[in-house]
Amino acid sequence: MREAPAREAAVVSIVDGAEGARRILVAGHLTLGRGDDAGLVIDDPEMSRTHAVIGQTPDGLEVRDLSSLNGTWVNGERIGGPTALVPGDIVKIGKTRIEVLAVGGPGLAPGARSSPTPVEAEDEVRPVSVLFADVVGSTPLAERLEPGDYAALMGGCVDRMCRAVEQFGGVIDAYMGDGIAAFFGFPAATEDDADRAASAALSVVEALEAYAEGLAQVFERAVLRGRLRGHRSELRGAVDWMNARLSRLSEAPAAAANGDAGGMPAMPVEVAELDELLTPRELEVLRLMARGNTNLAIAKALVVAEGTVKYHVKNVLRKLRAANRADAVARYERMTAGLPE
């Protein structure tokens with residue numbers, strides 16, 4: 001019985017990036033990524049931990065994306081499933097480009113693609129529309145967020161940019177951390193390349209606005225949960241204080257009947273009036289004013305605009321008949337004297 005001839009390994013070369021000019025033999029399957037569990041670890045921040053796999057098949061060599069954040073690209077086109085490779089193909093993952101030098105295996109001849117690619121296109125002069133899109137203010141944002149949170153946020157933005165570009169037939173040429181560069185009219189030119197680029201730009205703006213609105217709602221819910229926990233703690237403190245007062249009053253019924261509660265300060269009558277005068281939000285603003293917070297600090301604490309805080313402050317001053325902030329705080333302190341913080 002004759003043994004099957006040994007299969008030759010495929011050869012790929014890293015064109016640029018941290019591993020530039022390195023050649024790798026692919027015998028079987030090779031997982032690419034920046035995580036320790038990848039077969040070929042590449043130091044690329046825009047690459048997922050296990051990003052893609054290049055492997056030999058009975059028909060040749062193919063690449064598959066492993067549900068990566070930024071996708072896997074072959075000759076400028078994002079792949080949606082297993083994609084066959086031939087010598088000369090350029091596979092792009094993150095910022096790293098990998099060129100296929102040989103697919104290996106017996107009887108595997110280089111193939112030809114039906115349409116020109118950025119690698120195979122002949123030299124010619126023609127108009128090309130280029131779209132650049134990035135996130136404004138990403139640098140200050142990176143200084144405020146944890147690295148993992150920032151990467152996830154920018155990844156979501158870039159992914160939506162790519163979808164908008166692909167929706168109008170654009171080709172992603174480069175990733176720039178917080179943005180992308182895309183071509184319309186290359187490798188294949190059409191009469192409406194400029195129009196499609198403009199439509200893609202508008203789609204990018206709309207997609208990022210929707211993404212930002214969704215993030216804002218998630219953040220607001222998180223803030224509200226934190227505030228509810230704080231209010232719950234304050235309510236427990238008030239209940240404990242009230243129970244203590246009732247307990248002490250019940251121990252001296254005679255004294256309480258005579259209007260003497262054992263020297264214990266009486267609960268201010270104005271408290272009920274204060275709750276009736278102000279809305280819950282105005283009372284919250286007044287509490288923060290009493291703690292020495294500025295309008296800007298109050299706005300950040302309540303996650304509202306500073307103009308909204310000014311509006312509430314004016315209402316508080318008017319309803320309390322206070323001349324200024326200090327007067328309003330003084331009245332608040334008098335009206336809540338004896339209550340727990």
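Values for this structure:
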| quantity | calculated |
| --- | --- |
| Accessible area, probe 1.4 Å, largest first, for residues Trp241, Trp73 | Trp241, Trp73 |
| Largest-first principal axis extents of the Cα set of the stretch 153-210 (Å) | 35, 21, 12 |
| Amide H contacts under 5 Å for Asp173, placed H, 5+ residues apart | Ala181, Ala182, Phe183 |
| In order through the stretch 25-39: 3J(HN,Hα) via Karplus (6.51 cos²θ - 1.76 cosθ + 1.60), integer Hz, x for Gly, Pro | 8, 10, 10, x, 10, 10, 8, 10, x, 9, x, 5, 8, 7, x |
| Between the stretch 6-80 and the stretch 272-298, the alpha-carbon center distance in angstrom | 59 |
| Solvent exposure ordering (accessible area, 1.4 Å, most first) of Lys310, Lys300, Lys319 | Lys300, Lys310, Lys319 |
| Cβ-Cβ FRET estimate between Lys319 and Arg97, R0 fixed at 56 Å, reported to 0.05 | 0.25 |
| Cα-based reach from Lys310 at 26 Å (exclusive), listing lysines while leaving out same-chain residues under 8 positions away | Lys300, Lys319 |
| Whole-Hz couplings from phi, Karplus 6.51/-1.76/1.60, listed for the stretch 182-191; x for Gly and Pro | 9, 10, 10, x, 8, x, 10, 8, 9, 6 |
| Residues with amide H under 5 Å from that of Leu61, placed H, sequence gap 5 or more | Leu85 |
| Compactness of the stretch 57-106, expressed as Rg and Dmax over alpha-carbon positions, Å | 10.8, 35 |
| Sequence-distant residues sharing a close amide H with Val103 (under 5 Å, placed H) | Val11 |
| Computed E for Thr139/Ala330 - FRET, C-beta separation, R0 41 angstrom, nearest 0.05 | 0.40 |
| Whole-Hz ³J(HN,Hα) from phi, Karplus 6.51 cos²θ - 1.76 cosθ + 1.60, for the stretch 176-181, glycine and proline x | 10, x, 10, x, 9, 10 |
| Accessible surface, the stretch 146-236, averaged per residue in Å² (probe 1.4 Å) | 57 |
| Potential lengthening between Leu66 and Arg291 on full extension [0.36 nm per residue; Cα-Cα distance subtracted] | 75.7 nm |
| Probe 1.4 Å - accessible area at Ser48, Å² to nearest ten | 20 |
| Extension gain, Asp59 back to His231 (0.36 nm per residue minus Cα-Cα distance, nm) | 55.3 nm |
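The values are calculated or read from the model by the stated rules, or taken from the named source; none is laboratory data. Quick caveat, the model's predicted, so the values are computed rather than measured. Note that we place each Cβ from the backbone using ideal geometry, even for glycine, and neighbour counts take in every protein chain shown. Please note that ligands, DNA and RNA were not included when accessible areas were found on the heavy atoms of the full protein model with its side chains. Shrake-Rupley method; radii C 1.70, N 1.55, O 1.52, S 1.80 Å.
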